[in-house]
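The values are calculated or read from the model by the stated rules, or taken from the named source; none is laboratory data. Note that the structure is predicted; figures quoted are calculated from it, not measured. Glycine also receives a Cβ, built like all others from the backbone with ideal geometry; neighbour counts cover every protein chain displayed.
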Amino acid sequence: MRVKVLFFGVLKDLVGKAEESVDLPAGTTLGSLFARYSQRYETLDAKRPSILFARNQEFAKPDTVLSDNDEVAFLPPVSGGSGGSDGHVFEIVRETIDSRALVAKLQRPEDGAVVVFEGVVRNNTKGRATTHLEYECYEGMAKEQMARIGREIAGQFAIGRLGIVHRLGRLEIGEASVVVVATAPHRKPAFEAALEGINRLKREVPIWKKEFFADGAVWVDGEWDDRLLAGSSKHG
């Protein structure tokens, strides 16, 4: 059987490619496929505890058996679009995010509170001057995860609508990489929902950030949500 394998973030740098198609024997699992790559690229093995697996754009366990034409993705810790239902907005974009337009799309006459969070590119990391950032993601899966998180937050807090928009590609200092908007009749749930939205986005959605300096560039270390890591550790 033949499967497509995708690499993101620092893993892409370690193996020297973003994707490849490989022929595998029947019965190959995600875990055994990763082990094959670890033999070829020894630096991968040390990163295994923090890497999640995906099969056909869904998180999957290491003992998942692969089938012909599957799409496999190995996902390093995230750095921290699709239209939503019930008026929510969850999008991946490549152009400047217009926060005012997003608010206008989400706000209802009965809303007495609108909370807007913008994550912007700063000019340094621990005193080291940053020139710009680049974001990449596993786009199809990222859209689904954003929508799932958004629906769960909308059900958890007494809000009207929620918007989560993340930008990909090159971003300059001062530009917004992500915007979260929560509208609600009252301020408390709007603040809580916006905070929950950005926190979960940073830990559950496959988006990676590369930071560029005058003397080099690095993928920013991130961290998966503990629940996802717990599920990935089973059977391998």
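For region 11-34, a residue qualifies if it is surrounded by fewer than 16 Cβ atoms within 10 Å (Cβ to Cβ), over 24 Å from the mean Cα position of the chain (by Cα) and not in a loop (DSSP other than H, G, I, E, B), and the qualifying residues are VAL22, ASP23. Flag: VAL180 does not match the condition of being in contact with a helix residue (DSSP H, G or I) (Cβ under 6 Å, 6 or more places away or on another chain), modelled with pLDDT under 95 and assigned by TED's automatic domain parsing to the domain that holds VAL121. Pairs are defined by a Cβ separation below 6 Å, a sequence spacing of at least 6 or placement on different chains, a first member in region 1-30 that is basic (Lys, Arg), and a second member that is assigned to a strand (DSSP E or B); the pairs so defined are ARG2/SER21; ARG2/ASP23; LYS4/SER21; LYS4/GLU71. Contact map, region 92-113: first residue at negative phi, second residue outside any helix (DSSP H, G or I) and of a type in the set (Lys, Arg), Cβ cut-off under 6 Å, separation 6 or more or different chains; pairs are VAL93/ARG167; ILE97/ARG167; LEU106/ARG161.
I need the full set of residues from region 46-77 which are hydroxyl-bearing (Ser, Thr, Tyr) and at pLDDT below 95, in order please.
Our first condition is that a residue be hydroxyl-bearing (Ser, Thr, Tyr); within region 46-77, this holds for 50, 64, 67.
Across region 46-77, the qualifying residue is only SER50.
Checked against the criteria, ALA194 does not count as crowded, with 16+ Cβ neighbours inside 10 Å and touching a Ser or Thr at 6+ places or on another chain (Cβ under 9 Å).
Scanning region 93-129 for residues that are over 20 Å from ARG161 (Cβ atoms) and either more than 22 Å from the chain's Cα centre (by Cα) or not assigned by TED's automatic domain parsing to the domain that holds GLU172 (or both) returns ASN123, ASN124, LYS126, GLY127, ARG128, ALA129.
The sole residue among GLY216, GLY160 that is farther than 21 Å from GLY9 by Cβ and not hydroxyl-bearing (Ser, Thr, Tyr) is GLY160.
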